[in-house]
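All remarks here apply to the structure that follows.
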Amino acid sequence: MFIDSHCHINFPGLGEQQDALLARMADNAVTHALCVSVNLEDFPQVLATAENHPNVYASVGVHPDHEDTQEPSVAQLVELAAHPKIVAIGETGLDYFRLTGDLEWQRERFRTHIRAARQSGKPLIIHTRESSEDTLRIMAEEGADQVGGVMHCFTESLAVAERAIEMGFYISFSGIVTFKNAVALKHVAQSISLEHMLIETDSPYLAPVPYRGKTNQPAYVKHVAEEIARLRNIDVAEVGAATSANFFRLFKAAA
Ligand SMILES: [Zn+2]
Ligand SMILES: [Zn+2]
């Protein structure tokens with residue numbers, strides 16, 4: 001079995017065909033998915049997705065790339081996270097690749113999410129792009145280790161992975177690990193323990209090989225697991241079992 005720990009199946013192009021996506025998951029032994037929130041405006045859709053499907057969970061948070069959007073408060077995130085299908089706070093973090101200029105608002109928003117996670121006791125889903133030093137520094141300053149979480153769609157160095165693991169975070173691999181030129185990332189996937197690993201699609205983006213460039217969907221997470229198994233020279237079932245157990249341990253979700 002496999003679990004897609006990070007997808008956006010409420011986004012246009014996927015939201016209209018959720019029943020078909022769930023059927024494809026079942027055909028490919030993908031048992032569960034986590035539908036991740038990126039802003040408060042679309043949160044009702046994200047929650048409805050989880051409410052409509054017993055094997056779909058959801059999160060609440062505002063993505064660091066969304067600049068002109070409703071700014072969340074700690075109290076608001078804590079209140080929305082109280083719903084039983086909301087298993088995490090995020091996605092949150094820092095992105096110095098997509099946006100430039102004075103990004104103090106991004107760092108403040110990230111701190112808000114960490115404080116909400118600590119209050120609600122739910123783990124964090126962290127997005128970091130060309131910002132790993134600041135991301136790790138703010139995680140340490142705000143006590144993110146007290147709730148833990150996941151570094152999603154990981155593309156950083158082994159040193160960054162190890163520091164995140166020390167703070168109680170899991171490392172989640174997306175379709176990027178299947179790309180031929182992702183040499184350094186393949187090395188990370190070979191080096192860290194299976195006990196600290198999750199797999200994801202980040203659908204509709206980043207479809208793995210052999211679907212690279214096409215619209216991604218949760219069923220394709222199997223190809224991420226297959227690549228990790230190939231890199232580590234182990235059976236794909238072992239990757240599926242470990243990453244699924246990690247998912248339930250981290251998100252305290254009921255199987
Ligand atoms: Zn992300
Ligand atoms: Zn995402």
Under 5 Å between amide hydrogens, which residues at least 5 positions from Lys122 or on another chain qualify, with H placed 1.01 Å from N in the peptide plane?
none
Which aspartates and glutamates, if any, have their Cα less than 12 Å from the Cα of Lys180, not counting same-chain residues under 8 positions apart?
Glu227
How much mean residue ellipticity at 222 nm does the chain get from its helices, if each DSSP H run of length 4 or more adds -39500 (n - 2.57) and you divide by all residues, to the nearest 500 deg cm²/dmol?
-12000 deg cm²/dmol
Return the FRET efficiency for the residue pair Ser73, Phe179: r is the Cβ-Cβ distance, R0 is 25 Å, and the value is rounded to the nearest 0.05.
0.05
Find how much the distance from Phe97 to His83 grows on full extension, using 0.36 nm per residue of separation minus their present alpha carbon separation; answer in nm with one decimal.
1.8 nm
Of all accessible surface on the range 1-142 at a 1.4 Å probe, what whole percent is carbon and sulfur?
49
Scan around Asn216 for amide H atoms under 5 Å from its own, H built in the peptide plane at 1.01 Å from N, and keep only partners 5 or more places away or cross-chain.
Tyr205, Ala207
In percent, how large is the relative contact order of the range 137-183, given Cα pairs closer than 8 Å and 6 or more residues apart?
39
According to the Kirkwood expression over distinct Cα-Cα pairs, how big is the hydrodynamic radius of the chain, in Å?
17.8
To the nearest Å², the heavy-atom accessible area per residue of the range 92-188 with 1.4 Å probe amounts to 41
For the range 112-137 and the range 1-59, write down the distance between their C-alpha centroids in whole Å.
22
Taking θ as phi - 60°, what are the ³J(HN,Hα) couplings along the range 228-244 by the Karplus curve (6.51, -1.76, 1.60), each to the nearest whole Hz, with x for Gly and Pro?
4, 4, 4, 5, 9, 6, 10, 6, 4, 5, 5, 5, x, 5, 5, 5, 6
Could you check which residue among His83, His223, His113 shows the biggest mean-square fluctuation in a GNM of the chain with a 10 Å Cα cutoff?
His83
Charge dipole magnitude, Cβ of K and R +1, D and E -1 - the range 83-122, Cα centre, debye nearest 20:
280
Step through the residues of the range 102-112 one at a time and calculate ³J(HN,Hα) from phi using the Karplus curve (6.51 cos²θ - 1.76 cosθ + 1.60, θ = phi - 60°), rounding each to whole Hz and writing x for Gly and Pro.
7, 9, 4, 4, 5, 5, 5, 5, 4, 4, 4
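The values are calculated or read from the model by the stated rules, or taken from the named source; none is laboratory data. This is a predicted model, so every value here is computed, not measured. Don't worry about glycine lacking a Cβ; one is built from the backbone with ideal geometry, like all the others, and counts go over all protein chains shown. Note: accessible area is taken over every heavy atom of the protein model, side chains too, but ligands, DNA and RNA are not part of it. Shrake-Rupley method; radii C 1.70, N 1.55, O 1.52, S 1.80 Å.
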